[in-house]
1. Of all the residues that make up region 122-154, how many are in contact with a strand residue (DSSP E or B) (Cβ under 8 Å, 6 or more places away or on another chain), farther than 13 Å from W212 by Cβ and of a type in the set (D, E, K, R)?
2. Would you confirm whether any residue within region 109-121 is among the aliphatic types (A, V, I, L, M), more than 21 Å from N207 (Cα to Cα), loosely packed, with under 15 Cβ neighbours inside 10 Å and at pLDDT 95 or above?
3. Search region 34-54 for residues that are under 17 Å from L80 (Cα atoms) and pair each with any residue that is surrounded by 15 or more Cβ atoms within 10 Å (Cβ to Cβ) and among the aromatic types (F, W, Y) when their beta-carbon atoms are under 8 Å apart and the residues are at least 6 apart or on different chains.
4. Suppose we filter S127, S120 for residues that are within 21 Å of V32 (Cα to Cα) and in contact with an Asp or Glu (Cβ under 8 Å, 6 or more places away or on another chain); which single one remains?
5. Quick check: anything in region 81-101 touching a strand residue (DSSP E or B) at 6+ places or on another chain (Cβ under 9 Å), of a type outside the set (S, T, N, Q) and under 19 Å from A10 (Cα atoms)?
6. Which ranges mark the strands (runs of 3 or more DSSP E) fully within region 23-88 that have 1 or more residues being at pLDDT 95 or above, of a type in the set (V, I, T) and over 30 Å from R140 (Cβ atoms)?
7. Among the residues of region 135-144, is there at least one that is in contact with a Phe, Trp or Tyr (Cβ under 9 Å, 6 or more places away or on another chain) and farther than 21 Å from F91 by Cα?
8. Residues in region 63-92 that are under 26 Å from A192 (Cα atoms) and not charged (D, E, K, R): how many?
Amino acid sequence: MSSTVLITGANRGIGLALARHYKKAGWRVYGVCRGTSPELDEVADRVIDGVDVTRTEDVARLAEALAGQRLDLLINNAGLLCDESLGSLDFDTIRQQMEVNAYAPLRVTEALLDNLGAGSKVANVTSRMGSIADNDSGGRYGYRASKAALNAFGKSLAMDLKPRGIAVAQLHPGYVQTRMVNFGGLITPEEAAAGIAARIEALTLENSGGFWHSNGEALPW
């Protein structure tokens, strides 16, 4: 019987590349997004669109749609990057990034707890920009803070879900050529997806809670 993966933000970029990667590997792929794309429709076994992961009612509807469906892997991928600098801070965009990048993965994971069981895994797509120790350039206040919060949430999830046999990882995909960075990255979404999948494959209850680059490097908190 095929394993099942659910990916948020699956309609483009890294999420779409992950959907294609897991479909090629023989998994059942569930793609979650606000608005689908022809590319996602082509690859996913099931698309659940119209879902804004920051909205409690949308996430509740997602959980209802998945009632009774086991998920072997949940990938919290949906993300938002805005650019704030000191002297021109926009607290609305900072707040929005916290909602999308930090609160939403926690919201989705909690809502889908009944779908996760022993042997399931949760992968949070984070960023090394959420590393406090690695911050040597400043700026990007909302993005950095939201990814640091996601890392903290992910670590707590790892502790709380370990007794249930569920492992959790925080995974930095690398600097990826996506719309988020105006396609100026260093690696393709396909390369990022392959690296993320390799880290997920290596994830166990013993190393649950870690923070890794998709290339396998352990990242500082």
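1. Matching residues across region 122-154 total 0.
2. Checking region 109-121: not a single residue is among the aliphatic types (A, V, I, L, M), more than 21 Å from N207 (Cα to Cα), loosely packed, with under 15 Cβ neighbours inside 10 Å and at pLDDT 95 or above.
3. Going by the 8 Å Cβ cut-off, the qualifying pairs are T54/Y103.
4. It is S120.
5. The first filter runs over region 81-101 and keeps only residues touching a strand residue (DSSP E or B) at 6+ places or on another chain (Cβ under 9 Å), leaving none.
Scanning region 81-101 turns up no residue that is touching a strand residue (DSSP E or B) at 6+ places or on another chain (Cβ under 9 Å), of a type outside the set (S, T, N, Q) and under 19 Å from A10 (Cα atoms).
6. Values: elements: 28-32, 46-48, 73-76.
Correct list: 28-32, 46-48.
7. No, region 135-144 has no match at all.
8. Total satisfying the criteria: 11.
The values are calculated or read from the model by the stated rules, or taken from the named source; none is laboratory data. Note that the structure is predicted; figures quoted are calculated from it, not measured. Glycine also receives a Cβ, built like all others from the backbone with ideal geometry; neighbour counts cover every protein chain displayed.
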